[in-house]
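One structure below.
The values are calculated or read from the model by the stated rules, or taken from the named source; none is laboratory data. On a predicted model such as this, the values are computed, not experimentally measured, just so you know. Neighbour counts are summed over all protein chains in view; Cβ atoms, including those assigned to glycine, are modelled from backbone coordinates with ideal geometry. The area values use the complete protein model at the heavy-atom level, side chains included, leaving out ligands, DNA and RNA. Shrake-Rupley method; radii C 1.70, N 1.55, O 1.52, S 1.80 Å.
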Amino acid sequence: MSEPNYAINIDDILGDQKASFIPIADCETGSTQARQSGTDVTIDSKLVSAIRRTGGVLQPIILRKKEGGKYEIIVGQRRTAAYRILQEEDPKYQKIKAYVIERDLSDDEIRIISFVENFGRDDMEKSDYVNVIEYFYMKFGGVLKATAKALGISTESVKKYLTHARLSPKVKQCIEAKDFTIDTAMKALKALGDDEDSVDEGMLIETAKELKKAKPATRKKAVKKMQKQGISAK
């Protein structure tokens, strides 16, 4: 599998254009946008209050022009949603400050741009991260390094999200309840065979809880010790 070549420079894509004001009624989210969930905004949202306080967005959203006078949102779904609320208060919010990409973009480029813009932020759903990562993981034949290079993230991040997606609901509940972290769960998984499809969830949870008790510096040694002892994953 050849290495992916998705070198994207947003400044080159946008050129030296100035931001324009686009009717929010003409803005819509496309199917290749990384963020597909967690875009709901209410009148009490901090984002709505922030935009109201500044009288508009500080950073323009990014759009791609479509046929029929419509625009696909590449970056800025939640800001656009906030404007839909604020337009009821003031008609100036019927248009949003935006950069419009003139050249054609592939679906993969759109996925990457929207993914990178949101990566590391807490307001994007984990499932959306996983969907994009899994898409490129499958595209590049299950190669972690190629997936990481395409998205501009570490191979460890790729593995973390893919592992989380494959954990059982019960293990995920423990992570959400802060019984242990995804990193500790991954260490426990490694100690038990590194195969989330065959490891018993009860043993995985028990092992992760035990590893959590150990000092961070000693967890790797604990994992190696478990591997040598050949702890059964069944």
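Taking N as the number of residues in the range 61-205, what value does Rg over Cα atoms divided by 2.2 N^0.38 Å take? Don't skip to the answer; put the middle values down first.
Numbers: Rg = 19.3 Å, N = 145, 2.2 N^0.38 = 14.6 Å.
It is 1.33.
Keeping all protein chains in the complex and leaving out DNA, RNA and ligands, what accessible area do you get for Asp90 with a 1.4 Å probe, in Å² to the nearest 10?
50 Å²
Using modelled amide H (1.01 Å from N, peptide plane; none on Pro or chain starts), what sits under 5 Å from the amide H of Ile101, excluding residues fewer than 5 places away?
For Ile101, the qualifying residues are Leu63, Arg64, Lys65.
Along the range 222-227, what does the Karplus equation 6.51 cos²θ - 1.76 cosθ + 1.60 (θ = phi - 60°) give for ³J(HN,Hα), rounded to whole Hz, x for Gly and Pro?
Rounded to whole hertz, the list is 5, 5, 4, 5, 5, 5.
Could you order Met186, Met203 so the one with the most accessible surface comes first? Probe is 1.4 Å.
Working: Met186 25, Met203 55 Å².
In descending accessible area the options line up as Met203, Met186.
In whole percent, how big is the carbon plus sulfur part of the accessible area of the range 148-197, probe 1.4 Å, protein atoms only?
Working: 1110 of 2450 Å².
Result for the range 148-197: 45 percent of the exposed heavy-atom area is carbon or sulfur.
Run the simple label-point estimate for Lys220 and Lys66 please: 7 Å along Cα→C-beta, distance reported in nm.
About 4.9 nm, to one decimal.
Could you give each residue of the range 176-185 its phi-based ³J(HN,Hα) in whole Hz, using Karplus coefficients 6.51, -1.76, 1.60 with θ = phi - 60°, and x for Gly or Pro?
Once rounded to whole Hz, the list reads 5, 7, 6, 5, 6, 8, 4, 5, 5, 4.
Work out how much length Arg166 to Ser45 would gain on full extension: take 0.36 nm times their residue separation and subtract the Cα-Cα distance, in nm to one decimal. Working shown, then result.
On the way: separation 121, 0.36 × 121 = 43.56 nm, distance 3.18 nm.
Additional length available on full extension: 40.4 nm.
Run down the lysines and flag those whose C-alpha is under 22 Å from the C-alpha of Lys215, throwing out any fewer than 8 positions away in its chain.
Qualifying lysines at Cα under 22 Å: Lys160, Lys178, Lys187, Lys190, Lys224, Lys225, Lys228.
Please work out the Cα center distance from the range 170-195 to the range 153-169, rounded to the nearest Å.
11 Å
With all protein chains present, calculate the accessible area of Lys95 using a 1.4 Å probe and round the result to the nearest 10 Å².
Roll a 1.4 Å probe over it and Lys95 shows about 100 Å².
From the phi of every residue in the range 46-54, what ³J(HN,Hα) in whole Hz does the Karplus formula 6.51 cos²θ - 1.76 cosθ + 1.60 yield, where θ is phi - 60° and glycine or proline is x?
Here the 3J(HN,Hα) series is 4, 4, 4, 5, 5, 5, 4, 5, 8 Hz.
Could you tell me the accessible area of Thr42 in Å² (1.4 Å probe, neighbours in place), rounded to the nearest ten?
My reading of the accessible area for Thr42 is about 80 Å².
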